[in-house]
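The values are calculated or read from the model by the stated rules, or taken from the named source; none is laboratory data. Keep in mind the model is a prediction, meaning the values are calculated, not measured. Methodologically, a virtual Cβ is constructed for each residue, glycine included, from the backbone with ideal geometry; neighbour enumeration extends over all protein chains shown.
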Amino acid sequence: MLNLFHETKEDFTMLFDLQQCTATPAALDVLEQAGISPNDLLKRHVSGDFGKAGHYNDILPELTKEEISLQALATSDDGKLNAIAIKTGDGQIMSYYCINGEDVWVSTYLDEEGYTTILLPSDY
């Protein structure tokens, strides 16, 4: 895995802290072939554009108090689980992007040793 240097803020709102950022070589290859910077993907992720899982601003109004309280026991919707993790400051945030026909995931763990990884499903 490659340790990424990322920009902290630049004309976008960060909804959570990315912590330590890494990417797998396979994911970096897909991004390079598409001409996409890992930082651009991280910006989408941290600003609430979760790709196939939806957008934070669209998901947040749909959350119920029960879903926030029970989290994964109340819903299996990845977008809602992302919004819950952001609201509570705990859990995993997953984004799913299709880049040149390849699925690329961005995963952030919001805990004391939190970290963010850009990876392919086959890297998981």
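Some points to look at:
- Pairs with Cβ under 8 Å, 6+ apart, first in segment 110-121 and under 26 Å from residue 30 (Cα atoms) and in contact (Cβ under 8 Å) with a residue 40 or more places away in the chain, second assigned to a loop (DSSP other than H, G, I, E, B) and of a type in the set (S, T, N, Q): 114/19; 115/19; 116/19; 117/24; 118/24; 119/24; 120/24
- Some residue of segment 18-31 being assigned to a loop (DSSP other than H, G, I, E, B), polar (S, T, N, Q) and at pLDDT below 95: yes
- Any chance residue 76 is free of Cβ contacts under 8 Å to residues at least 12 places away in the same chain, surrounded by fewer than 15 Cβ atoms within 10 Å (Cβ to Cβ) and either touching a Pro at 6+ places or on another chain (Cβ under 6 Å) or not in a strand (DSSP E or B) (or both): yes
- With respect to being surrounded by fewer than 17 Cβ atoms within 10 Å (Cβ to Cβ) and not in a helix (DSSP H, G or I), residue 13 fits the description.
- With respect to the conditions (1) at pLDDT below 95; (2) small (Gly, Ala, Ser); (3) crowded, with 17+ Cβ neighbours inside 10 Å; (4) closer than 23 Å to residue 112 by Cα, residue 89 lacks only one, and its number is (3).
- Some residue of segment 55-68 being under 30 Å from residue 29 (Cα atoms), assigned to a helix (DSSP H, G or I) and not basic (Lys, Arg): yes
- Segment 92-108: number of residues that are in contact with a helix residue (DSSP H, G or I) (Cβ under 6 Å, 6 or more places away or on another chain) and not in a strand (DSSP E or B): 1
- Being among the acidic types (Asp, Glu), more than 17 Å from residue 18 (Cα to Cα) and under 14 Å from the mean Cα position of the chain (by Cα) holds for only one residue in 78, 90, and it is 78.
- When segment 92-103 is limited to residues that are buried (at least 21 other Cβ atoms within 10 Å of the Cβ) and either in contact with a Ser or Thr (Cβ under 9 Å, 6 or more places away or on another chain) or of a type in the set (Val, Ile, Thr) (or both), the one that is nearest to residue 28 (Cα to Cα) turns out to be 95.
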